[in-house]
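Structure, as C-alpha cells:
Bear in mind that the values in this text are calculations on the coordinates, not laboratory data. Predicted model only: the values in this text are computed from it and were never measured. Reconstructed Cβ throughout: ideal geometry from the backbone, glycine too, with neighbour counts over all protein chains shown.
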Amino acid sequence: MKKILVVGGAGYIGSHMVLALQDAGHEVVVFDNLSQGHADAVRGAELVVGDLRAPREIDLCLASRSFDLVMHFAAFAYVGESVAKPEIYYENNVLGSLNLLAAMRRSGVDKFVFSSTCATYGEPGQLPIAESHPQNPINPYGRSKLMVEQVLLDYGRAYGVSSISLRYFNAAGCDVQGRAGERHDPETHLIPLVLAEAMRVRNGGDPAGTKLEVFGGDFATPDGSCARDYIHVSDLVRAHLLAAERLLNGEVGQDRPAEFYNLANGNGFSVLDVIRACEAVTGIPIRYRMAPRRAGDPAVLVGDARLAEEVLGWRPQFTDLPSIVRTAWNWMSRGPVGQANEWNAHEVEP
Ligand code: UDP
C-alpha cells in the first residue's frame with residue numbers, strides 16, 4: 001500500500017482515480033479547491049480543500065504527510081474559455097503546477113503523474129497521432145499543458161523528479177458501478193449533452209424543443225461531422241495506476257526522467273455516431289440541429305497509443321461507443337445529480 005496525493009481528486013477524472021487507487025489498496029488524500037469538483041465525490045479519502053495558486057496551502061498539505069507519489073488532475077480545461085481568459089489558464093495550470101512541484105521538492109516527494117492532453121499536438125499533420133507528432137498547440141489550454149510537460153523534463157534532469165505525463169484524447173463515460181460520474185458546469189462535452197437531451201425527452205420534454213447542436217456538417221469525414229477518439233475514464237485511470245507502478249518500481253530513471261504517453265482508443269467516432277449510439281443505448285430518439293463549426297475544431301483527432309501498450313502494458317477495454325455510453329447513461333439515470341445513492345446503480349460490463 002502506498003500513500004498517494006490526488007490533486008483535483010474531486011473532479012471528473014480525479015474522482016474515478018481515487019476509486020481505482022482505493023480499489024487497488026492504496027491510501028489516498030485529495031487536494032482540491034472545489035472550483036470544478038464536488039466534495040461529495042470524495043468518499044473514503046481525506047479531502048483537503050485548498051488552491052494550488054496559494055503555495056502555502058499545498059505546502060502545508062504535503063509537509064504534514066509523507067506521500068510516495070503525487071497525481072495531478074487539477075486544471076482548467078475549456079478550450080474556448082482559455083482563448084478568452086488565458087491568464088486564468090496560465091495561473092491555474094502552469095503556476096499551480098509549479099507550486100505543486102515546489103511543494104513536492106520541499107517535502108521530498110519525487111514521483112509525479114501528470115494529466116496532459118492531445119491538445120498539446122495542435123492541428124494534426126498525420127493520423128493517428130503518435131507521441132512523436134510535433135507539438136504545436138493552437139490554444140492557451142494546450143500551451144499551458146505543454147509548458148508543464150517541458151518543465152517536467154527540466155525538473156527531472158535538474159532535481160531528480162521522475163514523472164509520467166499522460167496525453168488524453170476524449171475522456172468519456174463513468175464508473176461501471178455508477179459510483180462516480182461526469183458533472184461539469186457548464187457541461188460542454190458531447191456525450192453528456194446528448195444524454196441530457198435523451199433524459200429531457202424521457203422526462204416528457206418535447207423532442208422538437210431540442211437544444212442539441214452538431215457543430216459542423218461539412219468536415220472531410222464520411223458523414224461530415226467531426227470524428228474524435230473517445231476513451232473511457234476507467235481505462236484512463238487504469239493507465240495512471242500502471243504509470244504509478246512504473247514510477248514506484250524505479251523504472252523511470254535518471255537518463256530519461258520524464259515520459260509521455262498517449263491514452264487513446266485508436267478509433268474515430270463522429271458526432272453523428274455518438275448520437276446514434278446514445279439513441280441505441282437509451283431507446284429514445286434524439287433530435288438535433290446542425291450548427292456552424294466550433295472555432296479550433298479539427299475534422300479528425302485519433303490517437304496512437306501503442307507506446308502505452310508496449311511500455312505500460314495498457315490497452316483500453318471500452319473500445320466501442322455503446323459500451324462507453326452505457327456507463328454514462330447508468331450514472332445519469334441514477335437521478336438528480338448530487339442526490340445519487342449507492343442503491344439504484346447497477347454494474348455495467350465493458
Ligand atoms: N460537439 C458538438 N456539439 C456539442 C458539443 C460538442 O457537435 O454540443 C462536437 C465537437 O465539435 C467535437 C466533438 O463533439 O467535434 C467532441 O467535443 P467535446 O466538447 O466533447 O470534446 P473536445 O473534442 O472538445 O475535447
Study note, to complete from the structure: Along principal axes, largest first, the alpha-carbon spread of the chain in whole Å comes out as 58, 47, 38
Exercise for review: For segment 1-79 and segment 123-188, write down the distance between their C-alpha centroids in whole Å.
Suggested key: 17 Å
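Please check the chain for the longest run free of GluC sites (Glu not before Pro) that are loop-located per DSSP (anything but H, G, I, E, B) and have at most 14 other Cβ atoms within 10 Å. Kindly include the intermediate steps, with their values, before the conclusion.
Values: sites that count: 187, 251, 347.
So the longest stretch without any such site is 1-186.
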Practice item. May I ask for the angle, rounded to the nearest 10°, between helix 271-282 and the longest principal axis of the chain, with both axes built from Cα atoms and the value confined to 0 to 90°? Key: 80 degrees
Practice item. Could you work out how far apart the two model spin labels at residue 188 and residue 123 are, taking each label as a point 7 Å from the Cα in the direction of the beta carbon, and quote it in nm? Key: 2.1 nm
Check your understanding: Under Stokes-Einstein, with the Kirkwood radius over Cα pairs standing in for Rh, what whole-number D in µm²/s applies to segment 1-66 at 25 °C and 0.890 mPa s?
Key -> 210 µm²/s
**Study point:** In the chain, lysine pairs closer than 22 Å at Cα, eight or more apart or cross-chain
**Key:** 4
